[in-house]
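Have a look at the structure below, then the notes.
The values are calculated or read from the model by the stated rules, or taken from the named source; none is laboratory data. Values in this document were obtained by computation on a predicted structure and should not be read as measured data. Counting neighbours? That spans all protein chains shown, and the Cβs are built from the backbone with ideal geometry, glycine included.
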Amino acid sequence: MSLALYLCPMKQRPGGALGRLTRYCAMDEFTPEITARMAGGEWREAEIDGFQAIVGVRASDAVLASLALVFPPLTAVQAAAAWTPTRSLPIWDSGTGTFKATLQTAPTKTLTMLSAELPAVAPPAILGAWLTVGFGLGWRLPHDLVQYAVAHHLEPGRWADLLLGAYTLYGRQWADVFEQLLHSGARLISGGVFPTTGLLDNFNRTAENPLANGNWSGPTFGGGAQCKSDGTAATAAAAFGNSYWSAATFGADTEVFQTLSALDAAPQEGNAWRLTSPGVLNSERGYELFAVSGTGFEVYRIDVNQVETKLGATISQTYSAGDKFGAEMIGSTITVEYKAGAGAWGSIGTRTDANLTTAGNIGCSVNNVGTDTLDDFSGGTVVVVGGWGGLLAEQRNRLVVA
């Protein structure tokens, strides 16, 4: 496994959370080659100005060489020269059938952040052993600390040496946090396991079209359809129905989750968070996690003008009726969570995006009328308490395995 950088265009294709053309990084077309030929293959992007992205890829040398025939490879110096601190926000141009730049701008992901998302792969035997080690209650060691352990040939159980690594990577205060977590099995911090919030709506009431009961409004994205309830669950009032919980807004560190109640042959359900100006046509912004086709989950950022951009590759995970899924966003780190039936919650992937940082609403969406339903909509501001709660609330993304 090696790392390489490339310059890739942002492209467009049908689909996505809103049922229209969506933007994506062209590297996504090569996800099967990157991930299938050798365990541990992965890629991450930092979109820059000019509808391009600097993409880091971790893959075999053969795959990296084949990608260099498609995308211009970049040295670290060339990547730094190509990087732009801001990028123009796009808008759909119906006349040309494509996206065009606007005068509005958004910050771009730094190359330091991009590098942190894609650490070098270590020897698989030691790596696999450390990745299974945790503090209890669903916690796992942060990825860069695992990489430190492997680079220093530390076998699982050498905690004193690992704490030295935490001190080297994060400083004394964070090393103390890890030591407390080790000794307490993570019981000092209640926010260490997903979820930390409870049920908002089980939809067990008289059927509503659209969702209402004083808590719901919609559509989330102006000009679209809303969700409705059938007395036991929620579904779409029309194709691509979406509604948001208008009874309250929640903090920037937010989680949202739900049950996949019933699924058709090509299920499509989603939830959303950090929603600002929901229902105001072309002003809505937020993030959405979308369950697609029974085989994976996709994360999108919704910008003004209803422009949606897929963040990274589809996260591969089959699911069935009765399973649960959700997302938690702490700072700029999005963690996708999944729970199979009566099993336990677990992280199945992360994405990083620092474009939308404010508090907002949460919501849900169902694309197929009647045949797809969701239940037990839940979420809110992530709950973190305990002696280390303040520190964790600021930097908890370091405790999430990439």
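Some observations on this one:
- Those residues of region 269-316 which are part of a loop (DSSP other than H, G, I, E, B), within 21 Å of residue 225 (Cβ to Cβ) and of a type in the set (Ser, Thr, Tyr), in sequence order: 277, 283, 293
- Among (1) more than 24 Å from residue 236 (Cα to Cα); (2) more than 18 Å from the chain's Cα centre (by Cα); (3) modelled with pLDDT of 85 or more - the single one residue 352 does not satisfy: (2)
- The helices (runs of 4 or more DSSP H) found entirely in region 53-124 include none that carry 3 or more residues being at pLDDT 95 or above, assigned by TED's automatic domain parsing to the domain that holds residue 353 and of a type outside the set (Val, Ile, Thr).
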